Structure formats: structure tokens, C-alpha cells
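Everything below concerns the one structure shown next.
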Amino acid sequence: MTVYQTVQQKVRFYLEDIDTPIGKAINLAIAGLVLVSTTIFITETYPIPDRIRVQIDSLNYLILTLFTLEYVLRLWSAEHKLRYFFSLYGLIDLVAIIPFLFTAFHITAIDIRFIRIFRWFRILRLLRYVEGATLLGYVTREDSAIFVRILFTLFSIVFIYSGLIYQVEHPINPQAFATFLDAVYFAVATMTTVGYGDITPISQLGRLLAVMMILTGIALIPWQVGDLIRQLVKTSRKTTAAILCNNCGLTEHDADARFCKICGKSLVKVGDACELPTLNSGFSLGDAIAKDSRN
């Protein structure tokens, strides 16, 4: 392996790894920058002094520069560059830096107001950190993973829709959509089909977004919550019983288990008088239970 390939491999490893101190620090920094940039979007919707706005813009520019550098490194170090480019994470990473690229290279073929819409999708960059081996630990239980996914899905949907409706309606309807909080209020009221009617979009695109919010609230949210309820019911029905495995000595299994979940051997109920033979390993039943309790 050449030095060039070794460097590529190390860069790829640390950009994906969250177990080693270096990899975890890099990914925590990326996640933190995503949250900071999200906070910047929200802050910019409020009236703030020009001096502070300039500082915020400079910070946002620095963060976008780092995101662009990260995307270039991911693309450069990927084993299959084309596959990464068209992957879900690759497209999300690209969408996150599109406004910066258009501004940096002074591309004016497309209205910059339309390009700025893409920045609200940057929150989706946290998608790679919410399931399985996460930055905060490994999500082992299936119901916990579903719960984390639902929370992230709801938060992302509300945030993205709020940002889009604000971006579309604020320039032409600043009285109704004055701040990001107004947009969040409208998005939540619309997606939950409450529809107070005190804030309404007036543009065609804004009304189309409102229709999409209603459809999303009707279809996606009950589906996600239904998954969580089914998993919680399934988990609540699982109980453990003292059932002995003759092979490995494990005594805690599901009540209806017939085979060991560790080694796959048939099970013996503890306390069953007709099933008290010496274990395959040569230990007695009492020794196996004592060993298991010590472990």
C-alpha cells in the first residue's frame, strides 16, 4: 500500500469512526458545527444589531468552509467515489454546502433566495449519528432506536418545513411570518391539522408547502408513532424465566424460549425434577446456576 493510499484510508477511517478518541472528537465537532449553523439560521430571522450580524455571518462562512473541506475529504477518501456522491449521506453533505458554493463562486444563474432554501436541510447531516453506534453510545434496544428515530424525524420535519415556509413567505408576508418562531408555530399547527387560521401563507409556493405539511402530518407522524407503540407492546410482553442451557450454563431466557439465545442448544427449566442431569461440561446444575449468578 502506497503512502497516498494509507493517508486516504486514515482520513476515511477518522471521518467515519466514533469509537477512538480522534474519530469521536472529529465527529462531535462536525455535529456541533451543524447545531451551531442551525442556531445561526434561527438567529438571523430576528432583528439583531448590524455589528452582531456581521460577526454571525463571518462565523457561518467559516463553518461552511469547514463543511466544504469535509465534503472534499470524504469524496477524496471514498473507496467508491461515484457511489458516495450519489449516496444519501453524500447528497445531504452536498446540499448542505450548495448555498456556500454559489456565493463563493459568484454564480448568479439561479436566484440566490432559492439557493438559500437548501441551508435548512443541513440539519439532516445529523442523520448518521442517530441510530446504531451513535456519538452518545450504542443504541442496542430496538424500541430505543425507534424512539430516537421518531424524535429526530419529527424534529427534522418541523425544522425543515419551518425554514422553507419562512424563506418563502417572509419576503412577501413579513407581518405573518416575522420570525422563525412564527414559522414553527404555523408548521406545528398545520402538521397536527389544528389549523387556527391566524397565520396563513399568501404565495402559491407557500400554500403548496402548507398542503405538503398537512399530508406529512396525516401520513408520516401516525406511522412513526405506530411503530413505536407496536415495539413497546412487543417489548412489554417479553419476560425472562429461569431456564438452564446445558451447554453454556446461561439461565436467563425468554419465557417461551426453547433454544439458548447464546449457543443455540436446547434448554432445561430450572427446578424441573426430571431434567436435572449433569451438564455436558461436567458441572452440576447447582454449579452452573452459581456460575451464572457470579457472572
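Can you list residue pairs whose Cβ atoms sit under 9 Å apart, with the first residue in segment 40-60 being within 14 Å of PHE177 (Cβ to Cβ) and open to solvent by less than 50 Å² (accessible area, probe 1.4 Å) and the second being part of a loop (DSSP other than H, G, I, E, B) and small (Gly, Ala, Ser)? Count only pairs 6 or more apart in sequence or on different chains.
Short answer, once both residue conditions are applied: THR45/ALA178.
Looking at (1) surrounded by fewer than 18 Cβ atoms within 10 Å (Cβ to Cβ); (2) at pLDDT 85 or above, find the lone condition where MET213 falls short.
Going through the list (1) surrounded by fewer than 18 Cβ atoms within 10 Å (Cβ to Cβ); (2) at pLDDT 85 or above, MET213 breaks only (1).
Considering segment 66-96 alone, what residues qualify as being farther than 22 Å from GLY23 by Cβ and in contact (Cβ under 8 Å) with a residue 24 or more places away in the chain?
Passing the criteria: only VAL95.
Of the conditions (1) modelled with pLDDT under 75; (2) surrounded by 19 or more Cβ atoms within 10 Å (Cβ to Cβ), ILE221 clears all except one; give me its number.
Going through the list (1) modelled with pLDDT under 75; (2) surrounded by 19 or more Cβ atoms within 10 Å (Cβ to Cβ), ILE221 breaks only (2).
Taking segment 171-184, which residues are open to solvent by 50 Å² or more (accessible area, probe 1.4 Å) and under 23 Å from LEU154 (Cβ atoms)?
Within segment 171-184, just LEU181 meets the criteria.
For segment 1-26: of the residues being in contact with an Asp or Glu (Cβ under 8 Å, 6 or more places away or on another chain) and open to solvent by less than 50 Å² (accessible area, probe 1.4 Å), which is farthest from ARG125 (Cα to Cα)?
GLY23
Out of the residues in segment 185-206 meeting the condition of being in contact (Cβ under 8 Å) with a residue 12 or more places away in the chain and open to solvent by less than 40 Å² (accessible area, probe 1.4 Å), tell me which one is farthest from GLU169 (Cα to Cα).
MET191
The values are calculated or read from the model by the stated rules, or taken from the named source; none is laboratory data. What you see is a predicted model; the values in this text were computed from it and never measured. We place every Cβ from the backbone using ideal geometry, glycine too, and count neighbours over all the protein chains shown. Please note that ligands, DNA and RNA were not included when accessible areas were found on the heavy atoms of the full protein model with its side chains. Shrake-Rupley method; radii C 1.70, N 1.55, O 1.52, S 1.80 Å.
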